[in-house]
Amino acid sequence: MNMTNGKRAIAATLAIIAIMALGQSAHAQIITGQADRASYVPGDSGTLTVTILNDASTSLELRNITVYFPWAMFVNGKWDGANVSINLNPWKELGSSSSGNNMYTTSLGFSIPSWFAWRGNSPFVGQSFCPSSTQNRYGEYYGCVLAGTSENSARYQGNDFSIPMALATYTPTSLVAQWLPIATLVVLVVATAFLAMAWMSLRRAAKKA
């Protein structure tokens, strides 16, 4: 009975180790998307730099990159992916984490639609929907970078990113600033009237003399 329990314990331990190993393999990539400016407004253009870093102890074949911008959404009942697909031919082999050749970087331009406003309550929050791992390259994603690799057949690892939008600001106009031009105009009109009256009085005085 003790032998049976011991074998079960060993099998369970090996299963846990295998699951942990698979989990590490599935997240062996570090994916980032970095915009070239601190903030944008609708209608601006910019550049997004995408970096794929292999953090595993084995090499990895990078097949493709798919970028879904934050303004992907339903338009007229259809999903407008607002995505850019980059197919690498030949595939890019990323070395192990200690190889010094484990990073791939590419840049792509973008233009923010004039109607775009950030999702959520902040320009930095709620701008993405991105699976960490999926077998579907194309979907209703936004604010998402997917990296397709040769690992575990057709698999895509994703990471979210955002395009920082500038907060709209409003400066209230003070009452002084509103009424000052009007008050200045009134003073000028009154001063002109007094000058006209004084000039007419001088003319009358000159005629009497």
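The values are calculated or read from the model by the stated rules, or taken from the named source; none is laboratory data. Small disclaimer: the values here were computed from a predicted structure and weren't measured. Positions of Cβ are generated from backbone atoms using ideal geometry, with glycine treated the same way; all protein chains shown enter the neighbour counts. For accessibility, only protein heavy atoms count, side chains too; no ligands or nucleic acids. Shrake-Rupley method; radii C 1.70, N 1.55, O 1.52, S 1.80 Å.
Some observations on this one:
- Members of segment 34-69 that are open to solvent by 20 Å² or more (accessible area, probe 1.4 Å) and closer than 12 Å to Ile163 by Cα: Gln34, Asp36, Arg37, Ala38, Ser39, Val41, Pro42, Asp44, Ser45, Thr47, Thr49
- Close Cβ contacts (under 7 Å, 6 or more residues apart or on different chains) running from residues in segment 82-94 that are of a type in the set (Lys, Arg) to residues that are assigned to a strand (DSSP E or B) comprise Lys92/Leu62; Lys92/Tyr104.
- Qualifying strands (runs of 3 or more DSSP E) (wholly inside segment 98-190; at least 3 residues being exposed (fewer than 10 other Cβ atoms within 10 Å of the Cβ) and at pLDDT 90 or above): none
- Candidates are the residues of segment 1-33 that are surrounded by fewer than 12 Cβ atoms within 10 Å (Cβ to Cβ) and not aliphatic (A, V, I, L, M); the one that is modelled with the lowest pLDDT is Gly23.
- Taking residues in segment 67-78 that are under 15 Å from Leu146 (Cβ atoms), and partners anywhere that are modelled with pLDDT of 85 or more and open to solvent by 70 Å² or more (accessible area, probe 1.4 Å), the pairs with Cβ atoms closer than 8 Å and at least 6 places apart or on different chains are Ala72/Glu140.
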